[in-house]
Amino acid sequence: MKGGCRCGAIRYEVSGEPVGSLLCHCRDCQYAAGGGPAHDMALPRQSVTVIKGEPRAYWSTADSGKRVGRLFCATCGTPLLTELEGFPDLRIVAVGSLDDPSVFKPRASIWTSSAQPWSHIDPALPKFEKAFRA
């Protein structure tokens, strides 16, 4: 898989298979996704490589007390990747930044306790009121 930002300044490649495909409804993801849940794929960190440009990072603190780094293009603002202090061996790919986002197959919804009342939560998927521990 390959992906990058809307303006083309940043590109990345994925060499592995996702270890998780999630819809995250936490409030921080709502900010990053523009209101609804973030559509994310978790991959082994070493399988995601930025091959062009350098994303900018915004770091915040999650409810767990661990830091979360959201990487984005400083030129066009496209959300790209997330790094989790609590899971340093993972890198999260924002599905919308993939060249072919149709490969995304969500396996669960997390932080449903924070979902907006208008947000659809697929009843066919497992759901977790908070994050689950892998």
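A short reminder: the numbers here are calculations on the coordinates, not readings from a lab. Because the structure is predicted, anything quoted here is derived from the model rather than measured. Reconstructed Cβ throughout: ideal geometry from the backbone, glycine too, with neighbour counts over all protein chains shown.
Name the single residue, out of those in the stretch 10-32 being in contact with a helix residue (DSSP H, G or I) (Cβ under 7 Å, 6 or more places away or on another chain), of a type outside the set (D, E, K, R) and closer than 19 Å to Ser113 by Cα, that is surrounded by the most Cβ atoms within 10 Å (Cβ to Cβ). Steps first, please.
Here is the first cut: in the stretch 10-32, the residues in contact with a helix residue (DSSP H, G or I) (Cβ under 7 Å, 6 or more places away or on another chain) are 14-16, 25-27.
After this cut, where a residue has to be of a type outside the set (D, E, K, R) as well, the list is 14-16, 25-26.
Next, from what is left, pick out any that are closer than 19 Å to Ser113 by Cα: 25-26.
On the way: His25: 24, Cys26: 21.
Filtering first and then ranking leaves His25.
Which of (1) out of contact with any Gly (no Cβ under 6 Å at 6 or more places or on another chain); (2) of a type in the set (D, E, K, R); (3) more than 24 Å from Ala131 (Cα to Cα) is the odd one out, the single condition Asp99 does not satisfy?
(1)
Is it the case that some residue within the stretch 63-82 is loosely packed, with under 14 Cβ neighbours inside 10 Å and assigned to a strand (DSSP E or B)?
Checked against the condition, which is being loosely packed, with under 14 Cβ neighbours inside 10 Å and assigned to a strand (DSSP E or B), the stretch 63-82 yields at least one hit.
Picking from Leu80, Leu71, Leu84, which residue would you name as being touching a strand residue (DSSP E or B) at 6+ places or on another chain (Cβ under 7 Å), closer than 25 Å to Asp122 by Cα and among the hydrophobic types (A, V, I, L, M, F, W, C)? Full working, then the answer.
Details: Leu71 fails: closer than 25 Å to Asp122 by Cα; Leu84 fails: closer than 25 Å to Asp122 by Cα.
When all the criteria are applied, what remains is Leu80.
Only residues that are touching a strand residue (DSSP E or B) at 6+ places or on another chain (Cβ under 7 Å) and part of a helix (DSSP H, G or I): list them for the stretch 87-134, please.
Result: Val95, Gly96, Ser97, Thr112.
What number goes with the only condition from (1) free of Cβ contacts under 8 Å to residues at least 24 places away in the same chain; (2) touching a Lys or Arg at 6+ places or on another chain (Cβ under 6 Å) that Gly34 does not pass?
For Gly34, the failing item is (2).
Do you know which residues across the stretch 33-59 are outside any strand (DSSP E or B) and within 14 Å of Gln116 (Cβ to Cβ)?
Taking the stretch 33-59 first, the residues outside any strand (DSSP E or B) are 33-37, 45-47, 53-55.
Those that are outside any strand (DSSP E or B) and within 14 Å of Gln116 (Cβ to Cβ): Ala33, Gly34, Gly35, Gly36, Pro37.
Would you please name the residue that is surrounded by the fewest Cβ atoms within 10 Å (Cβ to Cβ), looking only at residues in the stretch 83-120 that are in contact (Cβ under 8 Å) with a residue 60 or more places away in the chain and among the charged types (D, E, K, R)?
Lys105
Test Leu81 against the stated conditions and say whether it is touching an Asp or Glu at 6+ places or on another chain (Cβ under 9 Å) and closer than 21 Å to Gly16 by Cα. Spell out how you get there, then give the answer.
Details: touching an Asp or Glu at 6+ places or on another chain (Cβ under 9 Å): no; closer than 21 Å to Gly16 by Cα: yes.
In short, no.
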